[in-house]
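Enquirer: Handing you this structure, nothing more for now.
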Amino acid sequence: MTAESMTRGKYETRLDPELWAYIDAVNAWYPPEMPGLPIDKQRAVYDRMSRAFHQGRPPGVTASDSLIAAAGRDIPIRRYRLAGAAAKAMVVYYHGGGFILGGLDSHDDICAELCAGTGFDVLSVEYRLAPEHLHPAAFDDAVTAFEWAAAATDLPLVLCGESAGGNLAAGVAQATRRHASAAIGQVLIYPDLGGDETAGSYVEHAEAPLLSLHDIAFYRDVRSARRQSPGDPTFQPLRDTDFSGLPPTVIVTAECDPLSSDGETYRDRILTAGGRAWWHEEPRLVHSFLRARTTVPAAAEAFARIVGAVGALGRGDLPP
């Protein structure tokens with residue numbers, strides 16, 4: 001057995017070579033020991049990695065930056081539009097990064113491709129990050145951005161987020177479900193929803209590449225306010241006691257990701273409450289596969305399904 005296969009463990013043959021090339025590239029930029037370093041150093045490395053992976057914007061997609069004036073703060077936003085297309089919906093997008101990393105630039109190309117693929121406007125939100133801003137700062141910014149979008153456009157709104165952003169999108173959907181302009185759908189991409197860490201994928205994939213159970217605990221603790229209640233649904237959406245009235249929901253997870261079971265659980269809670277929800281577990285993929293969409297065929301197919309789901313919900317159709 002080689003040293004490499006010992007490090008890769010049970011995932012050595014479980015994941016395709018193209019995906020391992022992507023994982024190795026990520027680890028070369030942002031190695032597993034990085035969460036132990038100061039936050040400012042982590043952000044600098046993450047931003048450089050994001051620039052290295054950036055694919056550019058598709059032809060016809062334009063972007064404009066502005067600020068949402070909130071109480072005592074401004075929330076940066078970036079709106080993407082597709083030239084020549086009459087948008088039928090607006091996607092409010094919350095980026096990933098464990099609540100401590102990322103911003104408008106880190107997920108710029110993903111948002112631009114989502115705009116191009118659906119023809120919808122996309123509004124990317126740069127919420128406040130921990131540890132400088134503990135919970136509920138990011139959640140409050142996410143809700144404020146949604147409320148701004150609802151007032152600023154007549155377009156129906158679709159919520160979308162990945163990883164930490166999936167947590168925020170779900171929290172916003174639950175908090176604004178009775179809003180006069182409540183979202184007509186939400187798409188959550190490998191979201192962190194606060195599921196049972198003693199069962200399912202949390203156990204089977206506790207040491208998965210690119211996101212481990214230890215990493216999840218680190219990001220949760222960095223974000224937590226003093227005396228943080230684990231039962232706060234704005235912190236962990238699965239801790240809510242009411243899943244009724246939510247918009248049609250698509251959750252897309254990666255098979256080899258501790259968070260995958262959250263998608264199944266969230267779907268089941270919505271269905272039990274009488275709503276509509278679909279969960280897709282993408283086989284042989286890992287957390288953060290969106291950045292692998294141009295080099296890993298399975299990730300490209302998964303991203304196409306995500307774009308298709310956003311498009312269907314924005315048009316008022318059932319997801320494919």
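The values are calculated or read from the model by the stated rules, or taken from the named source; none is laboratory data. Keep in mind it's a predicted model, so treat the numbers as computed, not measured. Please note: Cβ atoms are built from the backbone with ideal geometry, for glycine as well, and neighbour counts cover all protein chains shown.
Enquirer: Which of (1) closer than 27 Å to Arg220 by Cα; (2) out of contact with any helix residue (DSSP H, G or I) (no Cβ under 7 Å at 6 or more places or on another chain); (3) hydroxyl-bearing (Ser, Thr, Tyr) is the odd one out, the single condition Tyr22 does not satisfy?
Expert: In the conditions (1) closer than 27 Å to Arg220 by Cα; (2) out of contact with any helix residue (DSSP H, G or I) (no Cβ under 7 Å at 6 or more places or on another chain); (3) hydroxyl-bearing (Ser, Thr, Tyr), Tyr22 misses (2) alone.
Enquirer: Can we say Ala277 is surrounded by 15 or more Cβ atoms within 10 Å (Cβ to Cβ), hydrophobic (A, V, I, L, M, F, W, C) and more than 17 Å from Gly96 (Cβ to Cβ)?
Expert: yes
Enquirer: Do we have Ala225 as in a loop (DSSP other than H, G, I, E, B), in contact with a His (Cβ under 8 Å, 6 or more places away or on another chain), of a type in the set (Gly, Ala, Ser) and at pLDDT below 95 here?
Expert: When the stated conditions are applied, Ala225 passes them.
Enquirer: Checking Ala169 against (1) in a strand (DSSP E or B); (2) within 19 Å of Ala137 (Cα to Cα), which test does it fail?
Expert: (1)
Enquirer: Looking at (1) of a type in the set (A, V, I, L, M); (2) outside any strand (DSSP E or B); (3) out of contact with any Pro (no Cβ under 7 Å at 6 or more places or on another chain); (4) crowded, with 18+ Cβ neighbours inside 10 Å, find the lone condition where Leu285 falls short.
Expert: The single condition Leu285 does not satisfy is (2).
Enquirer: Would segment 122-139 turn up any residue that is among the acidic types (Asp, Glu), touching a residue at least 24 places away in the same chain (Cβ under 8 Å) and surrounded by 24 or more Cβ atoms within 10 Å (Cβ to Cβ)?
Expert: No - not one qualifying residue is present in segment 122-139.
Enquirer: Sticking with this one: Tell me the helices (runs of 4 or more DSSP H) entirely within segment 1-72 that contain at least 3 residues that are touching a residue at least 12 places away in the same chain (Cβ under 8 Å) and either touching a Lys or Arg at 6+ places or on another chain (Cβ under 9 Å) or surrounded by fewer than 15 Cβ atoms within 10 Å (Cβ to Cβ) (or both).
Expert: So the answer is 17-29, 39-53.
Enquirer: Now for a different question. Name the residue that is surrounded by the most Cβ atoms within 10 Å (Cβ to Cβ), counting only residues in segment 261-274 that are hydrophobic (A, V, I, L, M, F, W, C) and not in a loop (DSSP other than H, G, I, E, B).
Expert: Ile270
Enquirer: Another one. Can you report the number of residues in segment 81-121 which are over 21 Å from Ala164 (Cα atoms) and at pLDDT 95 or above?
Expert: The qualifying residues number 12.
Enquirer: Take Arg291 and decide whether it is among the charged types (D, E, K, R), modelled with pLDDT of 95 or more, part of a helix (DSSP H, G or I) and in contact with a Leu (Cβ under 9 Å, 6 or more places away or on another chain).
Expert: no
For (1) under 16 Å from Ala169 (Cα atoms); (2) within 16 Å of the chain's Cα centre (by Cα), each residue gets a yes or a no:
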residue: Ala217; (1), (2): no, no
residue: Pro233; (1), (2): yes, no
residue: Gly275; (1), (2): no, no
residue: His287; (1), (2): no, yes
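Enquirer: Looking at segment 24-34, can you tell me whether even one residue there is β-branched (Val, Ile, Thr) and over 27 Å from Ala304 (Cβ atoms)?
Expert: No: segment 24-34 contains no residue that is β-branched (Val, Ile, Thr) and over 27 Å from Ala304 (Cβ atoms).
Enquirer: When residues of segment 126-140 are filtered for being closer than 17 Å to Arg43 by Cα and either not acidic (Asp, Glu) or not in a loop (DSSP other than H, G, I, E, B) (or both), how many remain?
Expert: 8
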